[in-house]
Each structure stands twice: as structure tokens, then as C-alpha cells.
Amino acid sequence: MSQTRMLSAEAYDAIDKEVAKYPPNRKQSAVMAALAIAQNELGWLSESAVEDVASYLEMRAIAVWEVATFYGMYNLKKPGRYKLSICTNLPCALQGANKTVDQLKALLGIDFNETDLDGLLTLKEAECMGACGDAPVVIINDREMRGKIGVEDVEKLLEELKAR
Ligand code: FES
């Protein structure tokens, strides 16, 4: 059975460009980039999207699932309008990330990997983003980094996102 294509022509072109960076028999090396391109276009990676990437790269679906489930930046459930990921690794923890997390959870009424009732915000726990000097660090939608987010900054950050 042939796989239904899920992405735009532009997205497949972008995947082709990633594939071209590797030897012809190594197109599966572009799997992380291909998943990111699919997620960027669709907002998240449904089962069909992952299978489409697998079929496009001529990989077994299970191998693509292994990548998609290993890395925290892939959304395997439809996220809220904003995905707020907060680093809880040691340098951030030493600067109070856990207190920031507690405040986020309390104000949003959700735990990690949940979305608030308004569908605005999904909270994720993240690994070190290499910006430890600005700990505690959060990243919005995998792209916009904010540093030094202490307990006292949480309410303002949430208000800002709601107002966008
Ligand atoms: S430990 Fe949080 S950014 Fe490095």
C-alpha cells in the first residue's frame, strides 16, 4: 500500500536538500532534519506524518519512531499554541529552575507534557540548551530562547504569551 503524502511540495524540497548533504545510500541520515521539517509544517508529528517521513526516506517506520520518541523537541501530541520548554539540568536547577517549574505548573494548572485548558500552552521539560550562563532557561516553540526566568518572571511571561 502506498503512503499518503502529508507535506507540501516545499517541505519535500527542503527534505531533498537535507538528503543531498549525505551520500546517496545514506538518505536516512537526514531523518532528524526531515522530522523537524514535517513538524514545522504540521505543528506536530502524527502517526501518519512519521510514517510519511519513513516512507519518503525509505526507512522502516519503527526506526523513525525511535528517533521521534528519543528527542524531546518532537511533538508527538498536538501542542498548544505555544510550547514552553524549561531546562531542568543541573546549572539551571542550581539557579532555581525547579521553583520556576513549580510556579508554571501552579499558574497553568498542568504538569509536564500537558496542555492548559485554553489550548494556549504546553509545558515540557528540556535538557541543557547550552545557555547555562542565563539559567534558568526556557524556549518558546523550540525557537525563541529566554534566560534568567525566575519565579518572579513567570506571570509576566505567561501574560506576554496570552497577549500575542
Ligand atoms: S543547564 Fe540549562 S541551559 Fe544548560
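Laboratory data are not the source of any read-out in this text; all were calculated from the coordinates shown. Everything quoted here is computed from the prediction, not taken from an experiment. Backbone-built Cβ (ideal geometry, glycine too); neighbour counts: all protein chains shown.
Some points to look at:
- Between residue 73 and residue 127, the simple spin-label model (points 7 angstrom out along Cα→Cβ) gives 1.1 nm.
- Model label points for residue 58 and residue 13, set 7 angstrom from Cα along the Cα-to-Cβ axis, are 2.4 nm apart.
- Positive-end extreme of charge dipole, segment 9-70 - chosen from 39, 20, 9 (charges on Cβ): 20
- Shown here for segment 34-112: GluC sites (Glu not before Pro) in loop regions (DSSP other than H, G, I, E, B) with at most 10 other Cβ atoms within 10 Å, namely 58.
- Loop chymotrypsin sites (Phe, Trp or Tyr not before Pro), segment 6-111, which have at most 14 other Cβ atoms in a 10 Å radius of their Cβ (DSSP): 71
- Between residue 162 and residue 120, the simple label model (points 7 Å from Cα in the Cβ direction) yields a spacing of 0.4 nm.
- Student exercise, the chain dipole from Lys, Arg, Asp, Glu Cβ charges, in Debye to nearest 20: 220
- Sites matching trypsin sites (Lys or Arg not before Pro) across segment 30-104 that sit in DSSP coil, with at most 14 neighbouring C-beta atoms within 10 Å: 60, 77
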